[in-house]
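To start, the structure under review is shown below, and the notes come after it.
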Amino acid sequence: MKDSSLDSKEKLDYLLYNINKPIVCVKCADEFSNSSTDYKSLQSYSNLDVGYTDLGLQIWCRRHEVNVCHLKFGDKQPEADFRCLEKIK
Ligand SMILES: [Zn+2]
């Protein structure tokens, strides 16, 4: 007999942390790699805003006030999932 709750958990695994190619601010990355900060990781040094724009989705560096990435959606609105999923400990 198959455990359906296990099945559904596996289907939602994409909602856990799966980032394998982080998007970073080039200026933050340069400063961090030049050891000009006391932060232990680039992730903690980064200070990014993420949000929708009229054209798509933008990642913005608050520290440097520059665009990091702007994803244009075009005619097709991508599927978005805002559910929060926490790993069971
Ligand atoms: Zn930056």
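Data table
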quantity	calculated
Any hit, segment 23-42, residues being touching a Phe, Trp or Tyr at 6+ places or on another chain (Cβ under 7 Å) and in a loop (DSSP other than H, G, I, E, B)	yes
Residues satisfying the stated conditions in segment 7-34, i.e. more than 16 Å from the ligand (Cβ to nearest atom) and either touching a strand residue (DSSP E or B) at 6+ places or on another chain (Cβ under 6 Å) or of a type in the set (Val, Ile, Thr) (or both)	Ile19
Tally of residues being part of a strand (DSSP E or B), exposed (fewer than 14 other Cβ atoms within 10 Å of the Cβ) and not small (Gly, Ala, Ser) across segment 48-68	5
Qualifying positions in segment 69-78 - in contact with a strand residue (DSSP E or B) (Cβ under 9 Å, 6 or more places away or on another chain) and assigned to a loop (DSSP other than H, G, I, E, B)	Phe73, Gly74, Pro78
Residue within segment 2-25 that is of a type in the set (S, T, N, Q), without any contact (Cβ under 8 Å) to a residue 60 or more places away in the chain and surrounded by 11 or more Cβ atoms within 10 Å (Cβ to Cβ) present	no
Single condition Ser36 does not satisfy, out of (1) at pLDDT below 95; (2) under 14 Å from the mean Cα position of the chain (by Cα)	(2)
Long-range neighbours under 7 Å by Cβ, at least six apart or interchain, first residue modelled with pLDDT of 90 or more within segment 64-89, second among the aromatic types (Phe, Trp, Tyr)	Asn67/Trp60; Val68/Trp60
Condition met for Ser44 (at pLDDT 90 or above, within 15 Å of the ligand (Cβ to nearest atom) and hydroxyl-bearing (Ser, Thr, Tyr))	yes
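Rundown of residues vs (1) over 17 Å from Val26 (Cβ atoms); (2) among the charged types (D, E, K, R), yes/no style:
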residue	(1), (2)
Thr37	no, no
Lys40	yes, yes
Gln43	no, no
Asp49	no, yes
Thr53	yes, no
Arg62	no, yes
Val66	no, no
Cys69	no, no
Lys72	yes, yes
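The values are calculated or read from the model by the stated rules, or taken from the named source; none is laboratory data. These numbers were taken from a predicted model, which means no experiment stands behind them. A quick note on method: Cβ atoms are made from the backbone with ideal geometry, for glycine too, and the neighbour counts reach across all protein chains shown.
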